[in-house]
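A quick write-up on the structure given underneath.
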Amino acid sequence: MTKATLVLIDDHEIVRAGATKFLDTHYEIVGEADDVQTGIDLLLKAKPDGALIDVQLRSGTGDQVVIAIKKAGLSTKFLALSVSAERIDVVRMLRAGVDGYVLKDTLGEELPGLVQEMLDGGRPVSPQIAGFMLDIDEMAEQSPEIEALTRREREVVRFIARGYSYRRTASAMFVSPKTIEAHMSNIFKKLGVASRHELSLEAYRSGWVPQVEGETP
């Protein structure tokens, strides 16, 4: 019986090697890529049955690849494989059109089964992801602007929303206060907010930053 074909798109060679170890006896791995454009070019050429793809790639994000391939009309199914269980990352990939989202600690004997579930039309997700899938659509409708932020800018938002000063945020992120100021300038422009207080309120309201008990935004 002919094996289903897969492409692996991840910016870490060790992850691709680990996935191959568990998948190559079940599927035909027809190519690997570590950045957005290489991934797109590979998928357009190989037209695989499925692809494993990370959220963060060397030159961009996995959703850019998924969107491009969907627009090209390919029927390739996508399984997001990531270390991130952040809602915004999950929303980004699901809105792009991935068929499942599992965490990288899934690398193991269960991975082939999850890939097959995806290829069969299922939607495999890790338990950590399934826990909040019911409100993903609502969140995506409320705050698509957050998707314009880089991963680093989202880190800044989480610190600032919890009341950290620029200096304390800089120390926590091992950068200079001026770097935080530059990030905040970009964040204000992208999100259309005018102050740290306004940013904090929006972050908590939209669920970008989970509020802990006793915390007041």
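The values are calculated or read from the model by the stated rules, or taken from the named source; none is laboratory data. No experiment lies behind these values; they were computed from the predicted model shown. Counting neighbours? That spans all protein chains shown, and the Cβs are built from the backbone with ideal geometry, glycine included.
Filter the stretch 84-135 for residues that are of a type in the set (A, V, I, L, M, F, W, C), under 22 Å from Asp24 (Cα atoms) and at pLDDT below 90 and give the result.
Leu107, Val125
Does at least one position in the stretch 90-98 carry a residue that is hydrophobic (A, V, I, L, M, F, W, C) and more than 12 Å from the chain's Cα centre (by Cα)?
Taking every residue of the stretch 90-98 in turn, none turns out to be hydrophobic (A, V, I, L, M, F, W, C) and more than 12 Å from the chain's Cα centre (by Cα).
Before we move on, is Gln37 over 23 Å from Pro127 (Cα atoms) and either modelled with pLDDT of 95 or more or under 18 Å from the mean Cα position of the chain (by Cα) (or both)?
yes
Out of all the residues in the stretch 21-29, is one or more farther than 30 Å from Val157 by Cα, without any contact (Cβ under 8 Å) to a residue 24 or more places away in the chain and part of a helix (DSSP H, G or I)?
The answer is yes, given that some residue of the stretch 21-29 is farther than 30 Å from Val157 by Cα, without any contact (Cβ under 8 Å) to a residue 24 or more places away in the chain and part of a helix (DSSP H, G or I).
Go through the stretch 47-78 and report how many residues are crowded, with 18+ Cβ neighbours inside 10 Å and in a loop (DSSP other than H, G, I, E, B).
Summing the residues that are crowded, with 18+ Cβ neighbours inside 10 Å and in a loop (DSSP other than H, G, I, E, B) in the stretch 47-78 gives 5.
If we only count helices (runs of 4 or more DSSP H) wholly inside the stretch 146-194, which ones have 3 or more residues that are among the hydroxyl-bearing types (Ser, Thr, Tyr)? Give the steps one after another, and end with the answer.
On the way: elements: 151-161, 166-173, 177-191.
Those helices (runs of 4 or more DSSP H) span 166-173.
What number of residues within the stretch 5-15 are part of a helix (DSSP H, G or I) and modelled with pLDDT of 95 or more?
Result for the stretch 5-15: 0.
Find the helices (runs of 4 or more DSSP H) located wholly in the stretch 79-133 whose residues include 3 or more that are of a type in the set (A, V, I, L, M) and within 19 Å of Val15 (Cα to Cα), and list them.
Counting at least 3 such residues, we get 111-119.
This table checks each residue for (1) at pLDDT below 90; (2) of a type in the set (D, E, K, R); (3) not assigned by TED's automatic domain parsing to the domain that holds Met93.
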| residue | (1), (2), (3) |
| --- | --- |
| Glu153 | yes, yes, yes |
| Arg162 | yes, yes, yes |
| Tyr166 | no, no, yes |
| Met173 | yes, no, yes |
| Ser176 | no, no, yes |
| Phe188 | yes, no, yes |
| Leu201 | yes, no, yes |
| Glu215 | yes, yes, yes |
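Being closer than 20 Å to Gly113 by Cβ and of a type in the set (Ser, Thr, Tyr) is the requirement here; does Thr5 meet it?
yes
Which numbered condition in (1) crowded, with 16+ Cβ neighbours inside 10 Å; (2) hydrophobic (A, V, I, L, M, F, W, C); (3) without any contact (Cβ under 8 Å) to a residue 40 or more places away in the chain is the only one that Ala17 fails?
All conditions are met except number (1).
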